[in-house]
Amino acid sequence: QVQLVESGGGLVQAGGSLRLSCAASGRTFSSYSIGWFRQAPGKEREFVAAINWSSGTYYADSVKGRFAVSRDNAKNTVYLQMNSLKPEDTAVYSCAARPADRSTLPRQYSYWGQGTQVTVSS
């Protein structure tokens, strides 16, 4: 069982930065891949980024070069550094965990956090 709690969301102007955190419980956290997803009002949940147990990363094309995902297994935490934010990045961001390699598909993740709101003003 893994429990996830996101933090770090907020309101930021276009071009600004935010760092989201995903804090996990559980002694086996280091063996899980963590994915970040976002969902804007009226839209489907979409993949943002993922990181596996060896810190291999993968990004959606829409955020490549602007977002960076990292993990600190000693702190049981995964981070999503978001730079050069755009109004279209506005969404609820959620982290999710799976005991396997990275995936872009939400249905392949077993555990989810409650989400944190990110709002980017123009």
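The values are calculated or read from the model by the stated rules, or taken from the named source; none is laboratory data. This structure is a prediction, so every number in the text was calculated from the model and none was measured. Cβ coordinates were reconstructed from backbone atoms using ideal geometry, including for glycine residues, and neighbour counts include every protein chain displayed. Accessible surface areas use protein heavy atoms only, side chains included; no ligands, DNA or RNA. Shrake-Rupley method; radii C 1.70, N 1.55, O 1.52, S 1.80 Å.
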Note to self: Can you pull out every residue in the stretch 56-67 that is closer than 17 Å to Ala91 by Cα and under 12 Å from the mean Cα position of the chain (by Cα)?
What the structure shows: Tyr59, Ala60, Val63, Phe67
Checklist line | Scope the stretch 49-96; condition over 20 Å from Ser30 (Cα atoms) and small (Gly, Ala, Ser); matching residues | finding: Ala60, Ser62, Gly65, Ser84, Ala91
Notebook entry, point to check: Are there any pairs, at least 6 apart or on different chains, whose C-beta atoms fall under 6 Å, with the first in the stretch 18-36 and on the phi < 0 side of the Ramachandran plot and of a type in the set (S, T, N, Q) and the second assigned to a loop (DSSP other than H, G, I, E, B) and open to solvent by less than 20 Å² (accessible area, probe 1.4 Å), and if so, which?
Noted result: Ser33/Asn52
Check: Tally time: how many residues in the stretch 95-114 are surrounded by fewer than 18 Cβ atoms within 10 Å (Cβ to Cβ) and not in a strand (DSSP E or B)?
Finding: 11
Next item on the list: Say whether the condition of being open to solvent by 60 Å² or more (accessible area, probe 1.4 Å) and in contact (Cβ under 8 Å) with a residue 60 or more places away in the chain is met by at least one residue in the stretch 51-74.
Entry: no
Next item on the list: Residues being under 17 Å from Gly10 (Cα atoms) and surrounded by 14 or more Cβ atoms within 10 Å (Cβ to Cβ): count how many of those fall in the stretch 75-84.
Entry: 5
Notebook entry, point to check: Residues in the stretch 85-92: is at least one closer than 18 Å to Leu105 by Cα, aliphatic (A, V, I, L, M) and open to solvent by 30 Å² or more (accessible area, probe 1.4 Å)?
Noted result: yes
